[in-house]
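Since the structure comes first, as structure tokens, the remarks are kept for the end.
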Amino acid sequence: SEPRSSDMAFKDEPQPLHILFFPFLAPGHLIPIADMATLFAARGVRCTILTTPVNAAVIRSAVERANDSFRGTTGGAVAIDIAIVPFPDIGLPPGVESSPALSSQEDHDTFFLGLQELREPFDRFLSENHADAVVADSFFPWSVDTAAKHGVPRIAFLGSSMFATACIDSTVRNNTVEASPDDPDAVVSLPGLPHRVELIRSQMTDPKKRPEERNFFQSLNAADQRSYGEVFNSFHELEPDYVEHYRTTLVRRAWLVGPVALASQDLSARGTSELSADADHFLRWLDAKPDGSVVYVSFGTLSSFSPKDMRELARGLDLSGKNFVWVNGSDTDATEWMPEGFAELMAPRGERGLTIRGWAPQMLILNHPAVGGFVTHCGWNSTLEAVAAGVPMVTWPLNFDQFYNEKLVVEVLKVGVGVGSLDYASKLENRRVIGGEAIAGAIGRVMGDGEEGDAIRKKATELGVKARGALEKGGSSWDDVGRLMDELMARRSSVTVDVN
Ligand code: UDP
């Protein structure tokens, strides 16, 4: 068969495709976008990532490493560029430019609404530069119209699973939460999905408490549907029923190009300008542990836990009997949460565990043979990184799409066990405390001997093989990247544009 344009980008294309990436200002969006740019750049696409100064620092190391790795193939040209625009003056303190830095509901609302101000620099970029497509965050719904004004296709980036996106679409379409009884314990069914999906009412965001949040998500869903298409950090073999559901039932176009983390050229400092100073030490500590003996515990970049939650988590880790690495970003004084005997478990006094303060090299930890389980909040990046590493999960969702991702992991893919998280709550709200026994129980079911653990681990390993295969030449994600590139190239020759 004829080689495709995407395979020949370096040989025959004098003008490579140019894609502008425009991520939401939170690490969970910036990190996969930098990885995705790396993925497209490796196929010969020129990539620009538009962001603000503080957020550029989060991805700079990953982008520099990627450019280093491409030098030689690009004839010295920079493959990925970061276009920095000032953070808009919307009344937030200096340096507060990203979700994890927000400390009140008021700042949070200011941030979400105020980011509309980025419309102007985004518009200016498209006036001054040619782009064949924009991959813009779903959280920037206004980017559809701005891109349309310049005749540039807007491809929405949803930093979530297709499963969760289909669940959200079902709740919006059917007014599911509004129509359900006003009882936190009510079981709510999500109609029209390939699987029977049921949540407890308290696991869902309450539209009465936050009508503006519901309206926001409705506007995102509508803008995504008006877009040229949608790109997912996922892969066909992971959620095939939802790929089909998207295409035939929802009639939406999607490309699945993940797991994008596997494209990263910077597995240690990916996502930070300040890798924890002890990173080498943790990895050496892991080297000394038997295969599959360590549970890794981390809740992403936006979660916070009360001293009571932390005490129970510490008790759970102790009771589980497993070795553990716990990324604990809390500033809470140890005397407020640390249960008796816990300090003795940890190095240098004990051999059982480590806590990490600061940024952990998550990809290196998950892919270390000593790690046999991951206690996760089910943020989509973390979930997919665990899938790609073949590591089974202990699921502890907190908010956003995480309760849906838990359903996917536990009930559909069967590569995890839940701790029994029941309350959707922002980091500023209270949740019911989950007891140490429940946490230890879930860790035991995933990592322990016996049929259930064996079956879960076998599935996780198989899924990891499929995930890695998806990105290899001829794999499903490889093909989706190629399909999208070919389509954009064909579009270029059918539309009269000035490519200079
Ligand atoms: N991450 C990391 N080290 C840390 C904390 C987070 O590398 O100490 C990365 C993690 O690998 C993932 C991202 O940060 O890529 C977090 O995204 P996720 O969607 O899991 O959670 P969020 O922070 O958006 O809730």
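The values are calculated or read from the model by the stated rules, or taken from the named source; none is laboratory data. If you're wondering where the values come from, they're calculated on a predicted model, not measured in any experiment. Reconstructed Cβ throughout: ideal geometry from the backbone, glycine too, with neighbour counts over all protein chains shown.
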- Pairing a residue in segment 323-335 that is free of Cβ contacts under 8 Å to residues at least 60 places away in the same chain with any residue that is assigned to a helix (DSSP H, G or I) and surrounded by 18 or more Cβ atoms within 10 Å (Cβ to Cβ), where Cβ atoms lie under 6 Å and the two sit 6 or more apart in sequence or on different chains, gives Phe324/Leu317
- By residue number, the members of segment 312-322 that are assigned to a helix (DSSP H, G or I) and surrounded by fewer than 19 Cβ atoms within 10 Å (Cβ to Cβ) are Leu319
- Residue satisfying all of: in segment 104-140; of a type in the set (Ser, Thr, Tyr) and more than 16 Å from the ligand (Cβ to nearest atom); surrounded by the most Cβ atoms within 10 Å (Cβ to Cβ) among these: Thr110
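A quick yes/no check of all residues on (1) surrounded by fewer than 16 Cβ atoms within 10 Å (Cβ to Cβ); (2) over 24 Å from the mean Cα position of the chain (by Cα); (3) in a loop (DSSP other than H, G, I, E, B); (4) modelled with pLDDT of 95 or more:
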position	(1), (2), (3), (4)
Ala269	no, no, yes, no
Ser273	yes, no, yes, no
His281	yes, yes, no, no
Leu286	no, yes, no, yes
Leu302	no, no, yes, no
Phe305	no, no, yes, no
- Which one of these does Ser304 not meet: (1) away from the ligand (no atom under 16 Å from the Cβ); (2) out of contact with any strand residue (DSSP E or B) (no Cβ under 8 Å at 6 or more places or on another chain)? (1)
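Would you mind listing the helices (runs of 4 or more DSSP H) fully within segment 141-182 where at least 3 residues are buried (at least 24 other Cβ atoms within 10 Å of the Cβ) and out of contact with any Pro (no Cβ under 7 Å at 6 or more places or on another chain)?
Numbers: elements: 143-149, 162-174, 176-179.
By residue number, 162-174.
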- Selection from segment 101-110 of residues that are touching a residue at least 24 places away in the same chain (Cβ under 8 Å) and touching a helix residue (DSSP H, G or I) at 6+ places or on another chain (Cβ under 7 Å): none
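Any residue that is assigned to a loop (DSSP other than H, G, I, E, B) and either modelled with pLDDT of 95 or more or touching an Asp or Glu at 6+ places or on another chain (Cβ under 8 Å) (or both) - is there at least one of those in segment 323-336?
Of the residues in segment 323-336, the ones assigned to a loop (DSSP other than H, G, I, E, B) are 328-333.
Right, trim to either modelled with pLDDT of 95 or more or touching an Asp or Glu at 6+ places or on another chain (Cβ under 8 Å) (or both) and you get none.
Within segment 323-336, not a single residue is assigned to a loop (DSSP other than H, G, I, E, B) and either modelled with pLDDT of 95 or more or touching an Asp or Glu at 6+ places or on another chain (Cβ under 8 Å) (or both).
When only residues in segment 237-277 that are more than 23 Å from Val54 (Cα to Cα) and touching a Gly at 6+ places or on another chain (Cβ under 9 Å) count, which is nearest to the ligand (Cβ to nearest atom)? Spell out how you get there, then give the answer.
Step one: of segment 237-277, the residues more than 23 Å from Val54 (Cα to Cα) are 237-259, 262-263.
Still in the list and also touching a Gly at 6+ places or on another chain (Cβ under 9 Å): 237-238, 245, 249, 252-255.
Working: Glu237: 21, Leu238: 15, His245: 23, Thr249: 26, Arg252: 22, Arg253: 24, Ala254: 19, Trp255: 20 Å.
Out of the qualifying residues, it is Leu238.
Give segment 60-78 a look and list any residue that's assigned to a helix (DSSP H, G or I) and not β-branched (Val, Ile, Thr), or say none.
Passing the criteria: Arg60, Ser61, Ala62, Glu64, Arg65, Ala66, Asn67, Asp68, Ser69, Phe70.
Got a sec? Which of Ala442, Ala425 is of a type outside the set (Lys, Arg) and touching a residue at least 40 places away in the same chain (Cβ under 8 Å)?
On the way: Ala425 fails: touching a residue at least 40 places away in the same chain (Cβ under 8 Å).
Going through Ala442, Ala425 in turn, the sole match is Ala442.
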- Hits in segment 403-416 (condition: aliphatic (A, V, I, L, M) and surrounded by 24 or more Cβ atoms within 10 Å (Cβ to Cβ)): Leu408, Val409, Val415
- Note on the structure: Taking first residues from segment 56-80 that are closer than 16 Å to His18 by Cα and second residues anywhere that are among the aromatic types (Phe, Trp, Tyr) and modelled with pLDDT under 95, the pairs with Cβ under 6 Å that are 6 or more apart or on different chains are Ala79/Phe70
- In segment 290-299, anything within 16 Å of the ligand (Cβ to nearest atom) and surrounded by fewer than 21 Cβ atoms within 10 Å (Cβ to Cβ) is listed as none
- Considering only residues of segment 355-369 that are of a type outside the set (D, E, K, R) and assigned to a loop (DSSP other than H, G, I, E, B), which is farthest from the ligand (Cβ to nearest atom)? Pro369
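Go through segment 238-264 residue by residue and tally those that are assigned to a loop (DSSP other than H, G, I, E, B) and over 18 Å from the mean Cα position of the chain (by Cα).
Kept after step one, since they are assigned to a loop (DSSP other than H, G, I, E, B), are these residues of segment 238-264: 238-239, 250-253, 257-259, 264.
Now drop any that are not over 18 Å from the mean Cα position of the chain (by Cα), which leaves 250-253.
Result for segment 238-264: 4.
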